[in-house]
Each structure stands twice: as C-alpha cells, then as structure tokens.
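J.: Quick one: the structure is below, questions incoming.
The values are calculated or read from the model by the stated rules, or taken from the named source; none is laboratory data. Only a predicted model underlies this, so the values are computations on that prediction, with no experimental measurement involved. Quick reminder, even Gly has a Cβ in these numbers, built from the backbone with ideal geometry, and neighbours come from all protein chains shown. Calculation scope for accessible area: heavy atoms of the full protein, side chains included, ligands and nucleic acids excluded. Shrake-Rupley method; radii C 1.70, N 1.55, O 1.52, S 1.80 Å.
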Amino acid sequence: MPGYEFDGRRGRARARLGDEPMARDSRLDAGAPAAGRHRRPPRLGFGRPASGRPGRTLRVAVPVTVIVLGVASGLIVSVNDGTHRALASPGFPAATLAGQDFTPYAAGSSRGVTLSEGRVTSDGAEIVAVGAETGQLVPRAQFFVSLDDGRSWGIGGMTAAGGGTPPPGHAARFVAGGGGEWAAVGPDSVWTSPDGREWTLDSATGLPQQAGDQVVVLKRTSSGFIAAGANMPGGNRATPVIFLSADGRSWERSGAGRLHLAAGTGRALDIRLAAVYGRLILIAGDVATATGGGARGRALVRTGGAWLSRDGGRSWAPVTVPAGPGAQHQFSDAAVTADGFLLVRPAVVDGAPAAAVYRSGNGTAWTLAATLTTRAGFRPSLMNGNADGAVLTGRSGRTLTAFVSAEGVRWQQSAAFGSAAEAITGVAEAGTGAVVAAGTGTAAQLITVTGGPGGITNVSLGDIPGGAEPQLAVGAVAAQGSRQVAVGSANGFPAAWMSADGGRTWHRATGQTPAVLTRPGLEQLTGVTHGSAGWLAVGGATGGVPGHPVVIGSADGSAWSAADGEAVFAGSGLVTEQAAAGRDGYVIVGSQLVAAAAGQRGTSTRTIAAAWWSAGLTGWHRAGDAAAGNPMAGSTMAGGTAAGALDGAGNRQMLAVTATAGGFVAVGSHGGLPAAWITPDGKTWAEADLPLPAGATGAALQHVAANGRTVVAAGVAQTAAGQVPFAARSADDGRGWTETALPVPAGTAQVSALAAAGGGFTATGTFGAAPGDRDVVVWTSSNGATWQAATPTGLGLAAPGIQAITGLAVSGRTLTGVGFTATPAAEQPTLWQPPIR
C-alpha cells in the first residue's frame, strides 16, 4: 500500500498521503532560492508546460496484522465547492518553500528514488515512453514524450477524468496509439490521450480484470485498442484473456473461449504478443501440446500458437507459422511493417543463437524471411514496428543491440546501445530510422536513441526536465528556545537539520562518523525531542518490513552519534516510532513483529508494543509491563491492565509518546481499538483500551501532546461513511479518557501533527474532496475537549495539489511547522511559522 505517511515515513504504520496527484499549472521549482518564490514551469520538448506529478491520498495504515484504515475515493466530495473556503482564517501566514533550507545530502543523487520504465511506441516523429517514479513523498506516473524522433524529450501532462488532478501513482506499463487516439494501461490504471502529450486517467482501477488476470501487451487497432494476457489463478491452469475497447476508455473482457485450436493440437495458455495490420489483428502466445504416450501417459510440451482476427478481435482463427531449421516453436515477439506481419522465433545457426523472422502479407500464409545473427550470436528480445519499418532488439554476447528493416526481409544491424544500457523494457522505431529504447542503465533509467543522425545518445531520465527529483522528506521538528531541529530523510539516508535562530536559517547536521547518517539501505528519522542531555531522534527503514532501528543523539543538534548499536536494539522486527523527554530521562516507543503464539490461527506473526528508556542519550533499556494488580501507583485507569500491557493477546503498537506531569503517555492501537499506555518513569507500562468512537469499526491514535496534567491524543476512525478524525482527552495524566470528533471542513480529513501550545492545543491535518487536492486544516482548542477548525490560505497551505504540515514545535509564542507541498510537476519541503492562537 504505497503512500506518504504523515510522520515522514513511507511503508510504516501511520497516517499516509496515498495515491493522489497534484494539480497542473502550479509547478514548484524544487530549487527555489527564496521562500515562496515561484519560477516558470519548464517547457516540454514540444513547447508545452510540463505537468503531471501525482501526489498521494490520506490513509491510515496500521500494519495489516493490526488494522487497516483506508479512504475510498467514492466517499470524497468535491474539494472546490467553496464549503471550506468559508472557514478560511486570514490570521495564519502562508508557509514558505524550504527546498534551499532542507537540502538533500548529495546534489543530483537519485539514491532513495526508484525510476521504472515500461513500453515505448511511436507515431511518425512522435515517440511516447511510459514510466513511474517512486521514493518521493508523492509517487507519480510518467509519460516521456518526444516530437522530434527522440532528439529532445519532455514530460506529458496528466489530468483526472472530468478535470482536476488524477490520483498519484497509477503508472502505465503499456502504451499504444496514433491517428488521434492513444491509450496506456497498468495494473491499476487506464489512461487516454488525443495526442500522446496530454493524458487523462480514465480509470484508477485498471481494466475490468478478474482475479488472476495479467495483461502483457497493448496495441492500437483500426477500430480501437486490444490488450491481452493470461488469467493465472494459481497452479498450471492458465488461460488466455483479451480486452477490447473502441476508445481506450471503456473495455470489454473476453476469455479463452474465442481462441480455438485444431482438434487434438493442444490448449492455449496465454497471449504474449500482438500486432495490427490494417483491419487484421494477429495475436500469439503459448500452447500446451500433449506428446508421447505409453504407460506413463502423455506429457505436455509448451509450444507457440497464433491466431488471426478479421473483425476487430470479436472472433479468431488459428494460423500456422512453419518452423524453419533450428528455430524454436515459441515466439519471442511480433510486429508489422508497411508490407504485413512479422513474427520472430529464437533459433540456433551453426551452434550460435539467432533470430528467425517470419513474414506474412495477410496473416495466414507465412514464409521465413530472414535469419539474424552476429559473430557473438543474437538472442532476440523486444520488437516493434509500423509503416516506417520494424526494429528487433536483442543481445549479442553481452552487448545490447538491434536490427532494423523497412519490410522485414532486408535487415541492418544498428549501432549497439553502448555500455551504459543494461536492459531494455520498450522499443520503437522513429521516423528517421533511429531506434528508441527505454530501459535501465548504469547510472539511472535510460532512454537510448541509436542508429539515427548523431549515433548513440543515452538520455538519463534525470536529465529530462521533471524526469526525476532527489528524495527529500522533512516530517518532524522539535524546539528548545530559539534552537530547533527538524528530521526526516534525504537521498534515502536519515537526515537532520538544525536552526539556531528560531527557524529562520537551517543547516544540515552531520554525524560524528560517516556511518551515523550515511547508512546502508533506505532509512529515515521520524521523531525528535529535546531533554536534559540534548537532542534525541529516532526512525528506521522506509520499507514495509521492519529493519534495524535508527537511534541517534546530539548535545547541540549539529553533530550526532548513534546509540542503536546497543544490544537492546538488536532484536529482529523492531520499529522505533517516536521519542519524548521528561524529568526522569528519555523514552522511545514503537512496536515489534514477532512470531505468533503457539496455537494462534490465521497468521504466522503478530505485533507487540515496544518501549525503551534511558536517563540520557545512551545506556538504553527495554521497558516492561507494570506489576500485575498494580497498573500504576495511584492509577484509576478505567480498564487498565498491567500484565500483558506491551505483549499480550491481540496485536498492538505504540505510535506516539509525550511527557506529562506524572511521567509519560503513549498512544496507538490494540486489536483495532484506540489505546493508551502510561508510565511514571518509562520503565514499566500499563495500558487501557479506549472505546471506539461512535459509529466506528476501527480506530487508532497517532499523535499525543500534554499540557500539565491534560493529555490530548488524535487519530482517525474508520466508519461506514469513510475516515473520521477524532481527538481523545485525559485530564489526569492519561488515566481516563473522553473522545470527540474533529470538525471536517469538507470531504475527508486526517490529523498530521499535534502540539501543546499557549495553554491549549493545536493540531494540523489535511482535508479535501478530490484525490489529488488536499489542503491544510488547523484545529485549535483551549482545553482539548472542544475544537475549532480553520482553513488557512496561501502557499503550502491551500493550493492546487497536496499540502501538509507534518510536524509542529513551540518556540515562545510561535509555532514552527514542517511539511511539504506537491504538484504534478514537483514537490518540496515547506516551513510554516504562525503565531500561537
């Protein structure tokens, strides 16, 4: 479940920004030198503004062993209906863009960001490649477009069906088009375009697939589009599946019943290839053919099969493609030229690998047209073609290369793709005869142009304006007087930044040794606090599987040392979520994934709450349960339990912690219920499960803050109407609780940060009625029991795209908030410093 988590984490158990896109016409320059300063959007190679960077939807995702709360897009109403604008509060200043304050560790580094490429198609001089970028706070689908045979590239624009911004992610893997109609599909997406430049997400669920369907090919036909693949429900019983569409938007699914084979020749397993020539459609795939016999029965052998349709894919007739000397029975790929169809079989010539190319002008009569090989042999791979000719890629020894032909008979080997290219994911021939391929490279994902004017050109996606951005997230902040520390991740490393002047200027912190922050794997910091010994920050891996905790400390916030090498953090499956400092020292809370108890059904693992305590920044101990029968001295905690408070029946996890007048209070979830834990010193804990909010089927508390003995926690509840943010209040150091719903300006909302401020409490969240448009909501309360909502306007708070304030800290009469703003074109951190209200 991809998504940005509101505490700066990806793949961890917290509220997340999910698959939402950003709005167009609001591209942010990630390198804007001055706060709030905009630059003109970069231009595409064909002269249009770049757009299309998706964002993410708000989600609460406690690990599936505990509870999963999600936002259904059908529950969201229009965000721009003016409802929440009536609540706008002009008393809040705008946020500022902070890309120059919170900088990545290495300029231009793509560490922590994953770029992936799919298929490529062409229509004359226009070439379109589909791909995706993940690892940022907001994942995005990508359309790379060239209008000049691959010499220059830009990013295509993206909108949602009916206008607005599409949900982020939903990348396409296959693309086809031409003649004024283009389509692209992925596992959870259907995109269409009139020109290959501006794309509309028509479906965020994908083709009308059944369980087990896998689509592997998409082609433009004379009457629309065809997609095909196989249904693989498990076992060996695969069957072909076909999808047809007249416009790329509405699709019809058909199964294997329309693919017939001659009696006794076998059973169709899948469709892997397709090619279209005029009104004729050719598909090919694998066939299971029975051979042999005797006492042990007949064996099934996988061979190749092909079918032809003359009526737009409604009916199919098998065709026979003869296998020449040394040719295998299965097909590697198919294409067309101006003269008809081409099918390729792997072959062996004089002991070396080769490609056998078969040609047909009508799809029924086939002849061997050419056999292609090199001194090092040639193993055929992807193929594509159109009226301008065909291109066949493959590997000659260890080198990626290609052959091109105008008609499929006379072939010429193109220049090799060069040492930078490692694998090819899609290929097309440009109108000039150049070969354009997408794939992976030694430095980053590549688009390679070879064989045309200028020879070989390797284009890193990071060199295309808007093609790639460094990974950067700032999710939490703490303050001590005018000194502030913000934490998150940069280039996939845990990162910290320090300000000595109340947040006006920031400097990137360093480790006392390089290993403190430049760690292997992808990690981040998710919580930070200040105590008597200095600053403490915690975090962990960004992936969904728990990794080694990150626990670092600093006397001044500038130079940090690691404490997670202590034995107490050596257990497997540990997650350190948040930290707090109190009169008796420091506390860290989180969870641990452990083996299920003996005899427990339905799962092999379970989640237990975990806590650690220390008098300083080192010397950590694992906390335990309070003594049975004595949850806490003087406690009247309703339903309080001591034995099994951290490790007992039901999955549980601590998600946030705060220091109180009486010790510490942590909050989280237990078996789908909101839960709280209390301790006088961090060493032993007692737990209480809070009731579900009215009408809720599950809930979790994700944030907590204390003002004297008053403790306030906030989280989200799942109801039949969708997700509902709520707050819980305790007037006695976390022993007894009352709950109240937080007012939602419009659509759905979630809480992203909480702080005790000015004798009361301030919380921030995001709300919206469209998946790609989320604005900031600010809740304030003088007592934690009654809340008022305000919707501030301005940069980083209310704009097209996704805005979020993910961390809050108090310095004097000023709040410091950190967060991010994201549009289809870019995203970057934001810094917000309003007066306490």
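J.: Check segment 389-401 and report whether any residue there is assigned to a loop (DSSP other than H, G, I, E, B), touching a strand residue (DSSP E or B) at 6+ places or on another chain (Cβ under 8 Å) and open to solvent by 20 Å² or more (accessible area, probe 1.4 Å). Full working, then the answer.
T.: Within segment 389-401, the first condition is being assigned to a loop (DSSP other than H, G, I, E, B), and the residues that meet it are 397-398.
Imposing the further condition that a residue be touching a strand residue (DSSP E or B) at 6+ places or on another chain (Cβ under 8 Å) reduces the set to none.
Taking every residue of segment 389-401 in turn, none turns out to be assigned to a loop (DSSP other than H, G, I, E, B), touching a strand residue (DSSP E or B) at 6+ places or on another chain (Cβ under 8 Å) and open to solvent by 20 Å² or more (accessible area, probe 1.4 Å).
J.: While we're here: For segment 498-525, which residues satisfy the criterion of being closer than 14 Å to PHE102 by Cβ, in a loop (DSSP other than H, G, I, E, B) and not hydrophobic (A, V, I, L, M, F, W, C)?
T.: Within segment 498-525, GLY503, ARG504, THR505 qualify.
J.: Let me confirm something: among ALA428, ALA421, which residue is within 25 Å of VAL216 (Cβ to Cβ) and either surrounded by fewer than 17 Cβ atoms within 10 Å (Cβ to Cβ) or at pLDDT 90 or above (or both)? Give the steps one after another, and end with the answer.
T.: Working: ALA421 fails: either surrounded by fewer than 17 Cβ atoms within 10 Å (Cβ to Cβ) or at pLDDT 90 or above (or both).
Checking each option against the conditions leaves just ALA428.
J.: Can I ask one more? Can we say GLY648 is open to solvent by less than 30 Å² (accessible area, probe 1.4 Å), at pLDDT below 85 and either within 27 Å of THR738 (Cβ to Cβ) or not acidic (Asp, Glu) (or both)? Full working, then the answer.
T.: On the way: open to solvent by less than 30 Å² (accessible area, probe 1.4 Å): yes; at pLDDT below 85: yes; either within 27 Å of THR738 (Cβ to Cβ) or not acidic (Asp, Glu) (or both): yes.
Yes.
J.: Another question about this same structure. In segment 477-492, which residues are more than 22 Å from GLY112 (Cα to Cα) and either at pLDDT below 95 or open to solvent by 20 Å² or more (accessible area, probe 1.4 Å) (or both)?
T.: ALA479, GLN480, GLY481, SER482, ARG483
J.: Next question. Of the numbered conditions (1) in a strand (DSSP E or B); (2) surrounded by fewer than 17 Cβ atoms within 10 Å (Cβ to Cβ), ALA354 fails exactly one; give the number of that condition.
T.: Going through (1) in a strand (DSSP E or B); (2) surrounded by fewer than 17 Cβ atoms within 10 Å (Cβ to Cβ) one by one, ALA354 breaks only (2).
J.: If I ask for residues that are open to solvent by 30 Å² or more (accessible area, probe 1.4 Å), at pLDDT below 95, over 24 Å from the mean Cα position of the chain (by Cα) and not aliphatic (A, V, I, L, M), which ones from segment 710-733 would you list?
T.: Across segment 710-733, the qualifying residue is only ASP732.
J.: Take segment 695-722 and flag every residue that is in a loop (DSSP other than H, G, I, E, B) and over 29 Å from GLY759 (Cβ atoms).
T.: Narrowing segment 695-722 to residues in a loop (DSSP other than H, G, I, E, B): 695, 708-709, 720-721.
Correct list: GLY695, ALA720, ALA721.
J.: Considering only residues that are more than 28 Å from THR221 (Cα to Cα) and either open to solvent by less than 10 Å² (accessible area, probe 1.4 Å) or part of a strand (DSSP E or B) (or both), which ones fall in segment 141-176?
T.: The one that is more than 28 Å from THR221 (Cα to Cα) and either open to solvent by less than 10 Å² (accessible area, probe 1.4 Å) or part of a strand (DSSP E or B) (or both): PRO168.
J.: Does segment 813-837 hold any residues that are among the hydroxyl-bearing types (Ser, Thr, Tyr) and open to solvent by 10 Å² or more (accessible area, probe 1.4 Å), and which are they? Quick ask: steps written out before the conclusion?
T.: Pass one, segment 813-837, residues among the hydroxyl-bearing types (Ser, Thr, Tyr): 814, 816, 821, 823, 830.
Within segment 813-837, THR814 is the sole residue that qualifies.
J.: A follow-up question, please. Only one of these is touching a Pro at 6+ places or on another chain (Cβ under 9 Å), open to solvent by less than 10 Å² (accessible area, probe 1.4 Å) and either at pLDDT below 95 or not β-branched (Val, Ile, Thr) (or both): ALA495, ALA509. Name it. Spell out the reasoning first.
T.: Numbers: ALA509 fails: touching a Pro at 6+ places or on another chain (Cβ under 9 Å).
Step by step, each of ALA495, ALA509 is checked, and only ALA495 is touching a Pro at 6+ places or on another chain (Cβ under 9 Å), open to solvent by less than 10 Å² (accessible area, probe 1.4 Å) and either at pLDDT below 95 or not β-branched (Val, Ile, Thr) (or both).
J.: Right, here's the next one. Name the single residue that is surrounded by the fewest Cβ atoms within 10 Å (Cβ to Cβ) among those in segment 533-579 being under 24 Å from GLY503 (Cβ atoms) and of a type in the set (Phe, Trp, Tyr).
T.: Looking at the filtered set, the residue picked out is TRP535.
J.: Which one is farthest from ASP773 (Cα to Cα), of the residues in segment 787-805 that are part of a strand (DSSP E or B) and open to solvent by 10 Å² or more (accessible area, probe 1.4 Å)?
T.: Quick first cut of segment 787-805, residues part of a strand (DSSP E or B) only: 788-790, 794, 798, 802-805.
With the extra rule that they be open to solvent by 10 Å² or more (accessible area, probe 1.4 Å), the set shrinks to 788-790, 794, 798.
Numbers: GLN788: 22, ALA789: 18, ALA790: 17, GLY794: 14, ALA798: 9 Å.
Looking at the filtered set, the residue picked out is GLN788.
Yes/no per residue for (1) over 35 Å from the mean Cα position of the chain (by Cα); (2) over 17 Å from GLY118 (Cβ atoms); (3) among the acidic types (Asp, Glu):
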position	(1), (2), (3)
ASN384	no, no, no
ALA387	yes, yes, no
SER396	yes, yes, no
LEU400	no, yes, no
ALA406	yes, yes, no
ALA416	no, yes, no
GLU429	no, yes, yes
THR432	yes, yes, no
VAL436	no, no, no
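J.: Given the structure, is VAL404 part of a strand (DSSP E or B) and either modelled with pLDDT of 90 or more or open to solvent by less than 30 Å² (accessible area, probe 1.4 Å) (or both)? Can you show your working first?
T.: Numbers: part of a strand (DSSP E or B): yes; either modelled with pLDDT of 90 or more or open to solvent by less than 30 Å² (accessible area, probe 1.4 Å) (or both): yes.
In short, yes.
J.: Follow-up. Given the conditions (1) outside any strand (DSSP E or B); (2) at pLDDT 95 or above; (3) touching a Ser or Thr at 6+ places or on another chain (Cβ under 7 Å), and given that GLY196 satisfies all but one, which numbered condition is not satisfied?
T.: Of the numbered conditions (1) outside any strand (DSSP E or B); (2) at pLDDT 95 or above; (3) touching a Ser or Thr at 6+ places or on another chain (Cβ under 7 Å), the odd one out for GLY196 is (3).
J.: OK, next. Keeping to segment 130-140, report how many residues are part of a strand (DSSP E or B) and of a type outside the set (Asp, Glu). Steps first, please.
T.: Let us first name the residues in segment 130-140 that are part of a strand (DSSP E or B), namely 130-134, 140.
Subsequent filtering for residues that are of a type outside the set (Asp, Glu) retains 130-132, 134, 140.
Of the residues in segment 130-140, 5 are part of a strand (DSSP E or B) and of a type outside the set (Asp, Glu).
J.: If ALA495 satisfies every condition in (1) under 22 Å from GLU827 (Cβ atoms); (2) in a loop (DSSP other than H, G, I, E, B) but one, which is the exception?
T.: (2)
J.: Enumerate the pairs (first residue in segment 670-697 and within 18 Å of ALA727 (Cα to Cα) and open to solvent by less than 10 Å² (accessible area, probe 1.4 Å); second residue anywhere and part of a loop (DSSP other than H, G, I, E, B) and hydroxyl-bearing (Ser, Thr, Tyr)) with beta-carbon separation below 8 Å, excluding pairs fewer than 6 apart on the same chain, so at least 6 apart or on different chains.
T.: ILE678/SER635
J.: Would you be able to tell me the number of residues in segment 125-139 that are open to solvent by less than 10 Å² (accessible area, probe 1.4 Å), farther than 13 Å from VAL459 by Cβ and in contact with a Gly (Cβ under 7 Å, 6 or more places away or on another chain)?
T.: Residues meeting the conditions: 4.
J.: Shifting gears a bit: Determine which member of the set ALA369, ALA334 is more than 19 Å from LEU259 (Cα to Cα), buried (at least 19 other Cβ atoms within 10 Å of the Cβ) and small (Gly, Ala, Ser).
T.: Checking each option against the conditions leaves just ALA369.
J.: Picking from VAL344, VAL336, which residue would you name as being within 16 Å of THR373 (Cα to Cα) and at pLDDT 95 or above?
T.: Details: VAL336 fails: within 16 Å of THR373 (Cα to Cα).
So the residue among VAL344, VAL336 that is within 16 Å of THR373 (Cα to Cα) and at pLDDT 95 or above is VAL344.
J.: I'd like to know if segment 180-193 contains one or more residues that are open to solvent by 40 Å² or more (accessible area, probe 1.4 Å), within 30 Å of LEU392 (Cβ to Cβ), out of contact with any helix residue (DSSP H, G or I) (no Cβ under 9 Å at 6 or more places or on another chain) and not in a strand (DSSP E or B).
T.: Taking segment 180-193 first, the residues open to solvent by 40 Å² or more (accessible area, probe 1.4 Å) are 180-181, 187-188.
Now narrow it down to the ones that are within 30 Å of LEU392 (Cβ to Cβ): 180-181, 187.
Cutting the leftovers down to out of contact with any helix residue (DSSP H, G or I) (no Cβ under 9 Å at 6 or more places or on another chain) gives us 180-181, 187.
So of that shortlist, the ones also not in a strand (DSSP E or B) come out as 180, 187.
Looking for residues that are open to solvent by 40 Å² or more (accessible area, probe 1.4 Å), within 30 Å of LEU392 (Cβ to Cβ), out of contact with any helix residue (DSSP H, G or I) (no Cβ under 9 Å at 6 or more places or on another chain) and not in a strand (DSSP E or B), one finds at least one in segment 180-193, hence yes.
J.: Considering segment 357-377 alone, what residues qualify as being in a loop (DSSP other than H, G, I, E, B) and under 16 Å from ALA323 (Cα atoms)?
T.: Step one: list which residues in segment 357-377 are in a loop (DSSP other than H, G, I, E, B), which gives 361-366, 373-377.
Of everything in segment 357-377, those that are in a loop (DSSP other than H, G, I, E, B) and under 16 Å from ALA323 (Cα atoms) turn out to be GLY363, THR364, ALA365, TRP366.
J.: Let me ask another. Could you tell me whether PRO514 is open to solvent by less than 40 Å² (accessible area, probe 1.4 Å) and farther than 20 Å from SER116 by Cβ?
T.: Working: open to solvent by less than 40 Å² (accessible area, probe 1.4 Å): no; farther than 20 Å from SER116 by Cβ: yes.
So PRO514 fails the test.
J.: Another question, if that's okay. Picking from ALA468, ALA434, which residue would you name as being open to solvent by 10 Å² or more (accessible area, probe 1.4 Å) and either touching a Pro at 6+ places or on another chain (Cβ under 8 Å) or modelled with pLDDT under 85 (or both)? First the steps, then the outcome.
T.: On the way: ALA434 fails: open to solvent by 10 Å² or more (accessible area, probe 1.4 Å).
Step by step, each of ALA468, ALA434 is checked, and only ALA468 is open to solvent by 10 Å² or more (accessible area, probe 1.4 Å) and either touching a Pro at 6+ places or on another chain (Cβ under 8 Å) or modelled with pLDDT under 85 (or both).
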